[in-house]
Amino acid sequence: MQSAVNARNGTRSGGACYVNLGQGPRAVYAAVLRGSYVDDEAAVRREVRGRMVRLGSYGDPAAVPLEVWTQLLRGAAGHTGYTHQWRDPRFRGFAALVMASADNPAERDEARAAGWRTFAIRLAGEPLAHRESICPASPEGGDKLTCAACGACDGAARGRRGSVAIVVHGSLASRYRAARAKNVSTNA
């Protein structure tokens, strides 16, 4: 997740994006250069038919019109996705398709109060919120499932109501923990 401004105190969360820019987006870019991606709607629909689709691996799905995602996902086995645009009323319709990406408990609570299911970052030992579960595709969730097998991060697509949380991890986790510690000490 990108470094975000905390809604309550205006401080930065420190960033906790798990995407390794040297791998995921680079691989996509290389595939584009090789011509691996098609620019034909019918071909794209054939590619997603019966498959799980992740709406964005780096970047926000809200950058693509909701109608495009809705059409693309027809025939897909399911989907997962996350948006940082949940505060913007123009993207309210995305709540049916994706989770509100929450960088801290205050954002999680704000997004949930606005009617979004959330995928929230938390610190190890931090309690789960009401109707929040540990991501089963994470080490703390026992790596029981992959995201594709779980499919819980599909917004409200299947009438789900609970939210998902994960302990901060990745190359920026220490920066996130330091920023959260600083926010806690300055807000005490």
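Summed over segment 20-46, the residues that are closer than 21 Å to CYS153 by Cβ and surrounded by 12 or more Cβ atoms within 10 Å (Cβ to Cβ) give a count of 4.
Of the strands (runs of 3 or more DSSP E) lying entirely inside segment 39-119, those carrying at least 1 residues that are of a type in the set (Gly, Ala, Ser) and within 23 Å of VAL167 (Cα to Cα) are 78-83, 99-102. The single condition among (1) in contact with a strand residue (DSSP E or B) (Cβ under 7 Å, 6 or more places away or on another chain); (2) free of Cβ contacts under 8 Å to residues at least 40 places away in the same chain that THR118 does not satisfy is (2).
If I go through segment 130-188 residue by residue, how many of them are among the polar types (S, T, N, Q), at pLDDT below 90 and under 17 Å from GLU107 (Cβ atoms)? Working first, answer last.
Quick first cut of segment 130-188, residues among the polar types (S, T, N, Q) only: 133, 138, 146, 163, 171, 174, 183, 185-187.
Still in the list and also at pLDDT below 90: 171, 174, 183, 185-187.
Those left that are additionally under 17 Å from GLU107 (Cβ atoms): 183, 187.
Within segment 130-188, residues that are among the polar types (S, T, N, Q), at pLDDT below 90 and under 17 Å from GLU107 (Cβ atoms) number 2.
Enumerate the pairs (first residue in segment 84-108 and closer than 22 Å to ARG158 by Cα and without any contact (Cβ under 8 Å) to a residue 24 or more places away in the chain; second residue anywhere and basic (Lys, Arg) and not in a loop (DSSP other than H, G, I, E, B)) with beta-carbon separation below 9 Å, excluding pairs fewer than 6 apart on the same chain, so at least 6 apart or on different chains. Going by the 9 Å Cβ cut-off, the qualifying pairs are ALA100/ARG108; ALA100/ARG112; ALA102/ARG108; ALA102/ARG112.
The values are calculated or read from the model by the stated rules, or taken from the named source; none is laboratory data. Just so you know, these numbers come straight off a predicted model, no measurement behind them. No Cβ is skipped: glycine too gets one built from the backbone with ideal geometry, and neighbour counts run over all protein chains shown.
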